[in-house]
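What follows is calculated from the coordinates using simple rules that are stated; it is not laboratory data. Note that the structure is predicted; figures quoted are calculated from it, not measured. Note: ideal-geometry Cβ built from the backbone for every residue, glycine included; neighbour counts use all protein chains shown.
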């Protein structure tokens, strides 16, 4: 079947289209070249004057895995207060801050998102996480496997294991957990928490293994570089949320020695200690460092005001934040000595000095990083705000007047402490297409997503160009997933299954001989039961395994 | 004063959410409009006219006749007026009651008066578990008002109770006043195992000897001014459940639950 989108204004930064008027043809889920004059499209959509972009990609959103389920269980009132009745097409679902799997998929698709990446997939929880993500309809999914606090890696490093052995372990983890990248959360810190450490700085040795976070970051970043994995090491750094952590973050940037590194929810890592309240913005210094270091990319983790829940693997910082829980209930736990988990419900308040300044810091970073290819639009859903607030965030970035109106309503001390009011930059549609489509696809190595070139997967979103960017991005006219119309004017019209994106770097399978006795001795599952295969993924809701190329096969 | 009469035609097969049927909501509506109100029942929505015969004039008083335990959420979030129920009712009776009076001639199911803010709820029969308790996920149960149960109450009476008065004329089940934060519960009959379990503050009044958890400290025998004031406060209540605090009586006072640092009190009359 041939589908034509006629006369739209195309924003496709990968292929150099910045509002150019062009028809798009789709056949069998892919974008194809214009057929000859004789061919008549079976479906024709007149999108003249409308804005056409690739489907949006959320490269950091907590949508599956242990902690999300704990957040759901902890907040039944969040579900009671936000109910979606079933329709002919969609099933009943619920949830605002910690939405159910179904609500997650429907709402992402309604907003024009077609792929979501779960950033903290514990290897030991991988099966559960993939099953949950399989239950999320329509959008494609992928996960970043969590390493850097597991006993095995830290023990290998303590023994002074060869980098090649660690590379094999990293590649094996990616392979058997069906992930597309590696994330490290508070490197060594989650583990140190279990030995009663309550903070662990970049160059502090961990109590049990005697290894520094800096060494863990370097080892893992080197492994991904050696393996040619496209997505750089995804780093949730030390000292999240601690005033003064801007210095730690800057040292982390310089400490990676030029290797590719992605700093996630960097807003939470950009705090200084100036001013009367010893809490200030480090956004300018962070943005300057990102601008200066082309090996660094970041997503922001913007906060927006209202009720949400913070769910993180960083049990050290969540334990510190537990006294701010609102409503007053929280969970901090270990997960099989693989990593940790902390869930703390939270309400960001615009009249609170700290929250208001956090809001401003996030926006300062967005607007001060020059290269939109290296900064990504996230709220670290649900930690900064639920993903349903994205259209509001987009308007804040694209509309200076609106932004300054919001700024004027905040805690006045925070507004005065921020340089946000003096920033005049407004994101353009092209930059927005980079930040939410082309950029994430590039940094994840998704060659056929995030653009509208010939051969790309036909994930397409069509918007009416409205001055109110929030309304524009909340309700796209059409959303196509793999060539099928899934949402029309903000309503789901078809429910499909999404693919699971993975990478498969080459490695020596001999690593399993070394891992098998470790699993038999220490882990809750045997090695043979640990691995997840493609068949199992598809049984639990994934349409297919989409394997993406590594930069190079490793030299044997 | 105008009264609206809703008479249940037949016992429904599954539970019906009756929360839309409150005096304030129905005031000024025609019989046809009332008959058209849709009530959720399982995964279907039924028009009220299919379930009830409708008579009288809507106004300050609503009477539901022939009621049965399939009618859930009667008077939930009701704001003003009087709701008189003849028969038994289901779960969540008077949940989130804002103001007004609800009287039930029969018994009620679980979670009666949960989240209730103010007003009066009087059940002439017995109630199920979790009377005035918090529903799963909530940090507070009943938040105010007055609940009178002439019969027995199930387990977990006043779990997480935040404010208000609960009077039970008969017996109460296990874990009475568990995790209670504040407010007053009085039980005229016997209580089950572990009254005051994890209690933080508030008062539980018991008539006669009861087996208390070991984590309550005996603070001796007292004649408390509070009890006289309490008795005067309840003088207008027309129920044996309220004839609790005789003038000048001494009570034994126990404080706990010390297992979690609580300073609640259990007062036991001699």
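Peptides A:20-31, A:372-383 ranked from most to least packed give A:372-383, A:20-31, packing being the mean of other C-beta atoms within 10 angstrom over each peptide's residues. The ellipsoid equivalent to the alpha-carbon distribution of segment A:1-127 has semi-axes of 37, 18, 14 angstrom, derived from the gyration tensor eigenvalues as √(5λ) and listed largest first.
When the convex hull of its Cα atoms is viewed from all sides, segment A:56-447 shows a mean projected area of 17.7 nm².
Average 1/r across all pairs of distinct alpha carbons in segment A:406-451, invert it, and you get the Kirkwood radius: 13.1 Å. Considering only beta bridges that DSSP places wholly inside segment A:12-167, some 45 percent are antiparallel. Taking the DSSP bridge list for chain B and keeping only pairs wholly inside it, about 30 percent are antiparallel. Starting from a Cα-only point model with no solvent, please compute log10 I(q)/I(0) by Debye for chain B at q = 0.07, 0.13, 0.16 1/Å. So the normalised log intensities are -0.26, -0.78, -1.08. Along its principal axes, segment A:178-254 has C-alpha extents of 35, 26, 20 angstrom, given from the largest down. From least to most packed, judged by other beta carbons within 10 angstrom and beginning with the fewest, B:2, A:312, B:69, A:542 follow the order B:2, B:69, A:542, A:312. Work out, in µm²/s and without decimals, the Stokes-Einstein translational diffusion coefficient of the protein assembly as shown at 4 °C, 1.567 mPa s, Rh from Kirkwood over C-alpha pairs. My calculation gives 44 µm²/s for D. In segment A:56-447, the DSSP beta bridges split such that about 40 percent are antiparallel, to the nearest 5. Using every pair of separate Cα atoms, the Kirkwood estimate puts the hydrodynamic radius of segment B:142-205 at 10.9 angstrom.
Between residue A:540 and residue A:274, the FRET efficiency from the beta-carbon distance, with R0 = 56 Å, is close to 0.65. Take the alpha carbon atoms of segment B:209-270, find their center, do the same for segment A:283-331, and report the distance between the two centers in whole angstrom. Here the two parts' Cα centres lie 49 Å apart. Using equal-weight Cα scatterers in the Debye expression, the normalised intensity of segment B:121-270 in log10 at q = 0.19, 0.21 Å⁻¹ is -1.11, -1.38. Its Kirkwood hydrodynamic radius, worked out from the mean inverse distance over all distinct Cα pairs, puts segment A:282-377 at 15.0 Å. Oblate is the label for segment A:67-117. Its Cα gyration tensor axes, ordered a ≥ b ≥ c, give a/c of at least 1.5 and b/c at or above a/b. Fraction of C-alpha pairs exceeding 21 angstrom in segment A:422-552: 61 percent, rounded to a whole number.
For segment A:201-360, with equal point scatterers placed on the C-alpha atoms only and solvent neglected, what are the log10 I(q)/I(0) values from the Debye formula at q = 0.10, 0.16, 0.21 1/Å, to two decimals? Normalising to I(0) and taking log10 leaves -0.40, -1.01, -1.49. The alpha-carbon positions of segment B:191-270 define a convex hull whose volume is 91 Å³ per residue. Taken along its principal axes, the alpha carbon cloud of segment A:129-246 reaches lengths of 43, 35, 25 Å, longest axis first. Extent along the principal axes, Cα only, for segment B:1-100: 34, 28, 22 Å, with the longest axis given first.
The convex hull around the C-alpha trace of segment A:331-482, projected and averaged over every direction, spans 11.6 square nanometres.
Counting every other Cβ atom within 10 Å of each residue's Cβ, A:501, A:236 order from fewest to most as A:501, A:236.
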